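Right, one structure below, let's go through it.
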Amino acid sequence: MNIIKIGGGRQINTEGIIIDLAAFKEKFIIIHGANAFRDDLAERLGVRKKVITSVKGYSSVYSDEDSLDVMMMAYSGLRNKRIVESCQKKGINAIGLTGLDGRMIQGARNQGIRVREDGKLRLIRDFSGKPKSVNTGLLNLLLDNNYIPVLTVPITDEEGFAINSENDDIIASINDIINAKRIFQFIEAPGYLKNPMDESSVIKYISKHELAALEETSEGRMKRKIHALNKLAMNNETEIIISDGRVEHPLNDAINGKGTIIK
């Protein structure tokens, strides 16, 4: 089993990934983002995006009721169904679901995010949380009947409310269940870059110990991404490949060794 993470960036070649997947001989699950769709839609609707940074240095998008509505329209609506459509056109019998559907991903709402504003500590609550469990019965029902799950946020909290969550954390929860052979992450870069401004500075291999050191030196959204990768790397049997999602054949290139390999 493989996990395919399709990033939500504007330049991601989703069609190219789906074309490669149609010829892929191994089983897979798709998990996707939609941040570019969300930002465009929020601008059109006049909903301002707010990014908050915890006192520990992790940045995330603040999810109030309005932004949660925009997120659901972009992620579970437009983006999810366009990916499912692309799959169906290429003969992949995909089914699009959020973590909310059938409680596929059960989470716990954040008790509060500690932030520092104007020199003072504040506790901010919003509609966000972390995944805690996966509905393995539903997931296996789909896989056993040859459906390809295409999953995205929101997930559900303890009371059944929709909450936002990090797709990287969702991947970690699912991988705890399926123990994937490989996790492919397609981003808007040729791999993990030593210098974010230099696309030729791809780090070819990263060990688990090196990943822990990278988290200490990273900031903002990247710090959160590295933290999630650290959790994935705890499963020693899973290979993580971070590769360029903008090229003509993203999956084929990743399989043939392009990008960054964490093992």
*Return the Cα extents of the chain along principal axes one, two and three, sorted largest first, each rounded to a whole Å.*
54, 40, 36
*Taking K5 as the anchor, which aspartates and glutamates have their alpha carbon closer than 13 Å to its alpha carbon, excluding any fewer than eight residues away along the same chain?*
E166, D168, D169, E188, D244
*Debye log10 I(q)/I(0) for the range 1-78, one point scatterer per Cα, at q = 0.20 Å⁻¹*: -0.93
*Percent relative contact order of the range 2-258, based on C-alpha pairs within less than 8 angstrom and at least six residues apart?*
24 percent
*asked:* For a quick check: with amide H placed at 1.01 Å from N, whose amide H comes under 5 Å from R109's, ignoring anything fewer than 5 positions away on the same chain?
replied: E158
*In sequence order, what are the phi-derived ³J(HN,Hα) couplings for the range 115-125 according to the Karplus relation 6.51 cos²θ - 1.76 cosθ + 1.60 with θ = phi - 60°, rounded to whole Hz, with x for glycine and proline?*
10, 10, 10, 6, x, 10, 7, 10, 10, 10, 10
*Taking only the alpha carbons of the range 117-165, what extent do you get along each of the three principal axes, in Å, biggest first?*
55, 20, 14
*In the chain, which helices (entire DSSP H runs) extend 18 Å or more along their own long axis, judged by Cα positions, while averaging at least -1.0 on the Kyte-Doolittle scale?*
220-233
*Could you tell me what fraction of 2.2 N^0.38 Å the Cα radius of gyration of the range 77-176 comes to, as a two-decimal ratio?*
1.27
*Before rounding to the nearest 500, sum -39500 (n - 2.57) across all DSSP H runs of length at least 4 in the chain and divide by the residue total; then give [θ] at 222 nm in deg cm²/dmol.*
-10000 deg cm²/dmol
*With springs connecting C-alpha atoms under 10 Å apart, model the chain as a Gaussian network and identify which of I206, I148, I105 has the largest mean-square fluctuation.*
I206
*What nm distance separates the two modelled labels at K208 and E159, each placed 7 Å from Cα along Cα→Cβ?*
3.9 nm
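Every number in this text was worked out from the coordinates using simple rules, so none of it is lab data. Not measured: the values here are computed from a predicted model. Reconstructed Cβ throughout: ideal geometry from the backbone, glycine too, with neighbour counts over all protein chains shown.
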